[in-house]
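Some notes on the structure that comes next.
The values are calculated or read from the model by the stated rules, or taken from the named source; none is laboratory data. Just so it is clear, the structure is predicted and the values come from calculations on it, not from any experiment. Glycine gets a Cβ as well: all are built from the backbone with ideal geometry, and neighbour counts include every protein chain shown.
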Amino acid sequence: MSFQDKTIVCADCGSEFTFTASEQEFFAEKGFTNEPKRCPTCRRQRRQQRVGTQGVQREW
């Protein structure tokens, strides 16, 4: 299957981001059927909020 870059609008902030062909290939390999709804920045912020509510901080 051939993938092409897609432009998606973030559900949280409304900014446009690119869902690259390589990301689409990765999603397909993992069996993910839904496209991302959030831009990388909003995904990172959401992940940090979830980790913060659990009382565990990750260090990258």
| Can you find even one residue in the stretch 9-24 that is of a type in the set (F, W, Y) and modelled with pLDDT under 95? | no
| query | Which residues, taken from the stretch 1-21, are among the polar types (S, T, N, Q) and either closer than 19 Å to R44 by Cβ or surrounded by 13 or more Cβ atoms within 10 Å (Cβ to Cβ) (or both)? | reply | S15, T18, T20
| So is R46 at pLDDT 90 or above and in a helix (DSSP H, G or I) or not? | yes
